[in-house]
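The values are calculated or read from the model by the stated rules, or taken from the named source; none is laboratory data. What you see is a predicted model, and the numbers here were worked out from it, not measured in a lab. Reconstructed Cβ throughout: ideal geometry from the backbone, glycine too, with neighbour counts over all protein chains shown. These accessible areas exclude ligands, DNA and RNA; they are computed on the full protein's heavy atoms, side chains included. Shrake-Rupley method; radii C 1.70, N 1.55, O 1.52, S 1.80 Å.
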Amino acid sequence: MRSRTANWFETTVRYERQTEDGQKKVNETYVVDALTFGEAEEVITKEMEPYVSGDFNVKSISDRKSTRLN
């Protein structure tokens with residue numbers, strides 16, 4: 001078993017959301033726990049899969065220097 005500490009990455013994703021006016025592309029930011037940037041991309045992609053049916057892109061990933069999230 002590997003030992004872990006909380007490494008938070010802020011990810012920005014772009015996808016198509018169904019609105020009253022039809023499809024609209026939106027950008028949303030999420031924070032995920034991962035060891036590397038690659039793992040952060042895998043985590044957010046897996047988390048978003050059930051909610052997104054059209055185009056989906058991870059636009060950015062940045063290291064979040066935070067020890068506590070409220």
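Note on Lys59/Glu20: beta-carbon distance plugged into 1/(1 + (r/R0)^6) with R0 of 35 Å gives a FRET efficiency of 0.90. Kirkwood analysis of the chain, using all unique Cα-Cα pairs, places the hydrodynamic radius at 13.2 Å.
Using a 1.4 angstrom probe on heavy atoms only, work out the carbon and sulfur share of the accessible area of the chain in %.
44
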